[in-house]
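> Input: one structure, supplied below.
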Amino acid sequence: MKLKDKVALVTGAGSGIGRAIAQLFAEEGARVIANDVREEAAKETVAAISSGGCAIQADVADSAQVRAMFAQIEREFGTLDVLVNNAGIGTAGSSGANRDRIRERSDARMAEMLSGQGIQTHWDITQEMSDEAWHRMIAVHLNGTFFCTREALKLMSRRNQGAIINMSSVAALMGLDTVPHYSAAKAGILGFTRAVAREMGSRKIRVNAICPGFIDTPMTQPISPMMRAATVARTPLGRWAEPVEVARTALFLASDDSAFFTGQWLSPNGGLFIG
Ligand SMILES: NC(=O)c1ccc[n+]([C@@H]2O[C@H](COP(=O)([O-])OP(=O)(O)OC[C@H]3O[C@@H](n4cnc5c(N)ncnc54)[C@H](O)[C@@H]3O)[C@@H](O)[C@H]2O)c1
């Protein structure tokens, strides 16, 4: 029971990695507050884990909704020990047409690469990206992480303790060619993690990040089989991971096992990025 009686908020807990973190934290004794922009999804997580927590619907990109969520947490729990800033969007932040275009181009590029005659199909993603797609990606990941962290610190500062875990990505470390906006947002999260870790050290509030490689979740389902095979081929351990493998990293960073870790990133990525 590494999180016995701890109060933990997991954003984006209605699916994938967030749901796996909520589940594992509950198994380790935490009261888990499952946030998601999709209310039903958050409720399903809470029903599945029975942790004495609750579900709260809120869009983390909206600071008023985030403030309301933390007001509810303060009323119902009086404190917060752990925050996992996990909510996120992939190419779902783009239109379906964009997704289809990326898929078509990725398959064409793979075929051209294998033919050995050079790549003629260009990505051209940045030059075609709309303001809206860019802003939404930054809003959910970077603004959302800031909005939730700002409110969490107010609660954690009362007792001078707490652990914050920010979900970044290998995209922050190596850049992913199909998602420049996602890579930028995730890299911004790493800079934010380092700065807030330094700022909050005197209050014994630890702030760390996780940079997962490719994980099997609804977010990565739109990736074409050919593209998936290519990412597996680039991964020394030769596979994608299950969400629980990221959840175990989050548990480490949330618990006292990582008491001397702050401002760090850990990357469960099968060797895709070795830095
Ligand atoms: N799956 C991967 O390969 C992978 C790799 C690296 C990092 N990540 C990161 O891990 C996190 C979880 O991703 P996942 O793969 O589990 O995705 P997912 O799509 O399965 O789950 C994301 C959840 O976040 C919720 N969400 C989206 N926007 C939100 C908002 N504005 N406010 C509140 N909730 C919101 C969604 O409704 C969904 O339930 C994301 O930050 C993602 O960028 C994923």
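A short reminder: the numbers here are calculations on the coordinates, not readings from a lab. Treat the numbers as computed from the prediction; the structure is a model and nothing was measured. Here the Cβ is made from the backbone with ideal geometry for all residues, glycine too, and neighbour counts use every protein chain on show.
> Size of the dipole of segment 7-266 about the Cα centre, Lys and Arg at +1 and Asp and Glu at -1 on the beta carbon, nothing else charged, in debye to 20?
Working: 26 positive and 27 negative charges, 139 e Å.
So the dipole magnitude of segment 7-266 works out to roughly 660 debye.
> Please list, ordered by chain and number, the residues whose modelled amide H lies under 5 Å from the amide H of residue 207; skip anything fewer than 5 residues away on the same chain.
164, 263
> When only alpha-carbon atoms count, how far does the chain stretch along each of its three principal axes, as whole angstroms with the largest first?
Largest first, the chain extends 62, 36, 35 Å along its Cα principal axes.
> Of 211, 54, how do they rank once you tally other Cβ atoms within 10 Å and put the fewest first? Show your work: numbers first, answer last.
Working: 211 26, 54 17.
Exposure proxy ranking, most exposed first: 54, 211.
> Evaluate Rg over Rh across segment 99-233, taking Cα atoms for both radii and Kirkwood's formula for Rh. Let's see the in-between values first.
Working: Rg = 18.4 Å, Rh = 17.0 Å.
For segment 99-233, the value is 1.09.
> Based on a Kirkwood Rh over C-alpha pairs, give the Stokes-Einstein translational diffusion coefficient of segment 148-191 at 20 °C and viscosity 1.002 mPa s in µm²/s. Write down the numbers at each step before the final one.
Details: Rh = 11.8 Å.
Translational diffusion coefficient: 181 µm²/s.
> If you rank 252, 25 by fewest surrounding Cβ atoms within 10 Å, what's the result?
Values: 252 17, 25 29.
If I rank by nearby Cβ atoms, fewest first, I get 252, 25.
> Another one. So who's got an amide H within less than 5 Å of the one on residue 54, skipping anything under 5 residues away but keeping other chains? H placed 1.01 Å off N, in plane.
The answer is 32, 33, 34.
> How large is Rg over Rh for segment 55-169, taking Rg from the Cα atoms and Rh as the Kirkwood inverse mean of 1/r across Cα pairs? Provide the component values of the computation, followed by the final result.
Values: Rg = 19.9 Å, Rh = 16.9 Å.
For segment 55-169, the value is 1.18.
> Additional query: Quick one: net charge of residue 192's neighbours, Cβ under 14 Å, K/R +1, D/E -1?
On the way: positive: 150, 186, 194, 198; negative: 199.
Residues near residue 192 contribute +3 overall.
> Assuming a strict under-23 Å limit between Cα atoms, what lysine pair count do you get for the chain once near-sequence pairs (fewer than 8 apart, same chain) are dropped? Write out the running numbers ahead of the final one.
Values: 2/204; 4/43; 4/154; 4/204; 6/43; 6/154; 6/204; 154/204.
Here the count comes out as 8.
> Sort 122, 141, 181 so that the residue with the fewest other Cβ atoms within 10 Å of its own Cβ comes first and the one with the most comes last. Working shown, then result.
Details: 122 9, 141 28, 181 22.
Fewest-to-most Cβ neighbours within 10 Å comes out as 122, 181, 141.
> Summing +1 for each Lys or Arg and -1 for each Asp or Glu, what net charge is found among the other residues whose Cβ lies under 14 Å from the Cβ of residue 88? Show your work: numbers first, answer last.
On the way: positive: 19, 38, 136, 186; negative: 36, 59.
Local net charge: +2.
> Turning to a different aspect of this structure: With a sphere of radius 15 Å drawn around the Cβ of residue 266, what net charge do the other residues whose Cβ falls strictly inside it have (Lys, Arg +1; Asp, Glu -1)?
Numbers: positive: 186, 194, 206, 248; negative: 245, 257.
For residues surrounding residue 266, the net value is +2.
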